[in-house]
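Colleague: Have a look at the structure that comes next, please.
The values are calculated or read from the model by the stated rules, or taken from the named source; none is laboratory data. It should be emphasised that the depicted structure is a prediction, and the values quoted were computed from it without experimental measurement. Note: ideal-geometry Cβ built from the backbone for every residue, glycine included; neighbour counts use all protein chains shown.
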Amino acid sequence: MNESVKYGVVIPTLNEVNNIVPLVKKIQGCGLENLEIIVVDENSPDGTCQAVNDFAGDNPLVKGVLNDGIRGLSPSIVKGFRLAQGEFLACMDGDLQHDVNDLPKLLKRLENTDFVIGSRYVEGGGFKEKWNPFRVLASKTAALMAKIIFGVKVKDPMSGFFAVRKEAFEYVAPKLSPKGFKIMLELVFRLNHSDRAFIVKEEGITFGLRQHGKSKLNSKVIIDYIFMLMALRKTV
Ligand code: GDD
Ligand code: MN
């Protein structure tokens, strides 16, 4: 355990070999000291995890680990948060679609909140290039469904970019469902329905286009999402 680690960034990956090392380098240059970077890889055939560890060498603040539990995005992120040593943690995609310049803002906001949602739909947030309008519509519909089904009053619960205090994560972690693609939404839901008064805020982020590789969001993910919303509702 390294006592001086203050911040942690967890990055779930599936075949991001061309994106991951450039991303790790950018994070190292974002101006935050005592920052640990943990890549949780889905045993990618393209060697993403190995690329991280080759780059890390003997730097203890960068590590690639494999998701050895249930397959998927949420379990990978949960594993990363459990391993992370810092008090202030963030999660971001490994494909350079989330802007590293937004990372310090999200992590620093945790000094007076418990959870910070990186949001494309609040002031200061948006898209770097013009986005496929169908994709925007799908994401807004998903947000609206979350609001209707169980009243999560946030504008962008699906951005995939967020920050959480380790302590708040640990408090709700035992209740998290082991599967799924939408860990942020579930964490916000659990924090909102906790016996402790956790504070959740939104902060503007800029979302870019994927440069290499391809998206893993498909119709199965969308169906899983709907089932997750219904299952969560039953738990309150
Ligand atoms: N470990 C692990 N396991 N990582 C995964 C898996 C998996 O099963 N599936 C995807 N990833 C990683 C990808 O490698 C990437 O780093 C990140 O998770 C996001 O996956 P993408 O495939 O790039 O998703 P996207 O760009 O289509 O969707 C993103 O934007 C949406 C909002 O428009 C994600 O951030 C979504 O969470 C978000 O809703
Ligand atoms: Mn992506």
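Colleague: I'd like the full set of residues that are within 15 Å of Lys155 (Cβ to Cβ), more than 16 Å from ligand 2 (Cβ to nearest atom) and touching a helix residue (DSSP H, G or I) at 6+ places or on another chain (Cβ under 8 Å), limited to segment 108-144.
Modeller: Phe115, Val116, Ile117, Tyr121
Colleague: Report, by residue number, each residue of segment 98-140 that is more than 20 Å from the chain's Cα centre (by Cα) and without any contact (Cβ under 8 Å) to a residue 60 or more places away in the chain. Don't jump to the end; show me each part of the working.
Modeller: At the first step, the residues of segment 98-140 found to be more than 20 Å from the chain's Cα centre (by Cα) are 123, 129-134, 137.
Passing the criteria: Lys130, Asn132, Pro133, Phe134, Leu137.
Colleague: Would you mind stating whether Ile77 is in a strand (DSSP E or B) and not basic (Lys, Arg)? Before you say what the answer is, go through the steps one by one.
Modeller: On the way: in a strand (DSSP E or B): no; not basic (Lys, Arg): yes.
Answer is no for this residue.
Colleague: Here is a follow-up. Report, by residue number, each residue of segment 4-21 that is away from ligand 1 (no atom under 13 Å from the Cβ) and either over 17 Å from Gly80 (Cα atoms) or at pLDDT below 95 (or both).
Modeller: So the first thing to find is which residues in segment 4-21 are away from ligand 1 (no atom under 13 Å from the Cβ), and the list is 4-8, 21.
Within segment 4-21, Ser4, Val21 qualify.
Colleague: Against the condition within 11 Å of ligand 1 (Cβ to nearest atom), within 22 Å of Lys182 (Cβ to Cβ) and modelled with pLDDT under 95, how does Gly72 come out, does it pass?
Modeller: yes
Colleague: Among the residues of segment 147-187, which ones are more than 16 Å from the chain's Cα centre (by Cα), under 20 Å from Ile205 (Cα atoms) and of a type in the set (Gly, Ala, Ser)?
Modeller: Correct list: empty.
Colleague: Condition first: at pLDDT below 80 and basic (Lys, Arg). Now tell me which residues in segment 127-146 satisfy that.
Modeller: Correct list: Lys130, Arg135.
Colleague: Okay, moving on. Test Gly47 against the stated conditions and say whether it is away from ligand 1 (no atom under 14 Å from the Cβ) and among the small types (Gly, Ala, Ser). Even if it seems obvious, please write down each step before you answer.
Modeller: On the way: away from ligand 1 (no atom under 14 Å from the Cβ): no; among the small types (Gly, Ala, Ser): yes.
It is false that Gly47 is away from ligand 1 (no atom under 14 Å from the Cβ) and among the small types (Gly, Ala, Ser).
Colleague: Considering only segment 142-168, how many residues are within 15 Å of ligand 1 (Cβ to nearest atom) and in a loop (DSSP other than H, G, I, E, B)?
Modeller: So the answer is 9.
Colleague: Out of everything in segment 112-135 that is in contact with a Phe, Trp or Tyr (Cβ under 8 Å, 6 or more places away or on another chain) and of a type in the set (A, V, I, L, M), what residue ends up being nearest to Arg196 (Cα to Cα)?
Modeller: Among those residues, the one meeting the criterion is Val116.
Colleague: Only one of (1) modelled with pLDDT of 90 or more; (2) more than 23 Å from Glu16 (Cα to Cα) is not met by Ile205, so which one is it?
Modeller: Condition not satisfied by Ile205: (2).
Colleague: Quick one: Leu103 ticks every box in (1) more than 27 Å from Ser177 (Cα to Cα); (2) touching a helix residue (DSSP H, G or I) at 6+ places or on another chain (Cβ under 8 Å); (3) buried (at least 19 other Cβ atoms within 10 Å of the Cβ) except a single one, so which number is it?
Modeller: Leu103 satisfies every listed condition except (1).
Colleague: For segment 1-71, which fully contained strands (runs of 3 or more DSSP E) count at least 3 residues that are touching a residue at least 60 places away in the same chain (Cβ under 8 Å) and either of a type outside the set (A, V, I, L, M) or surrounded by 13 or more Cβ atoms within 10 Å (Cβ to Cβ) (or both)?
Modeller: Values: elements: 7-13, 35-41, 62-66.
In segment 1-71, 7-13 are the strands (runs of 3 or more DSSP E) which contain 3 or more residues that are touching a residue at least 60 places away in the same chain (Cβ under 8 Å) and either of a type outside the set (A, V, I, L, M) or surrounded by 13 or more Cβ atoms within 10 Å (Cβ to Cβ) (or both).
Colleague: State all residues of segment 184-207 that are within 16 Å of ligand 2 (Cβ to nearest atom), surrounded by 20 or more Cβ atoms within 10 Å (Cβ to Cβ) and more than 14 Å from Val116 (Cβ to Cβ); if no residue qualifies, say none. Spell out how you get there, then give the answer.
Modeller: The first filter runs over segment 184-207 and keeps only residues within 16 Å of ligand 2 (Cβ to nearest atom), leaving 184, 205-207.
Narrowing further to those that are surrounded by 20 or more Cβ atoms within 10 Å (Cβ to Cβ): 184, 205, 207.
Phe207 - this is the single residue of segment 184-207 that is within 16 Å of ligand 2 (Cβ to nearest atom), surrounded by 20 or more Cβ atoms within 10 Å (Cβ to Cβ) and more than 14 Å from Val116 (Cβ to Cβ).
Colleague: Among what's in segment 152-183 and is at pLDDT 90 or above and within 16 Å of ligand 2 (Cβ to nearest atom), pick the residue that is surrounded by the most Cβ atoms within 10 Å (Cβ to Cβ). Explain how you work it out, then say what you get.
Modeller: Keep residues of segment 152-183 that are at pLDDT 90 or above, which gives 160-174.
Still in the running and within 16 Å of ligand 2 (Cβ to nearest atom): 160-162.
Details: Gly160: 22, Phe161: 26, Phe162: 28.
Residue satisfying both the conditions and the ranking: Phe162.
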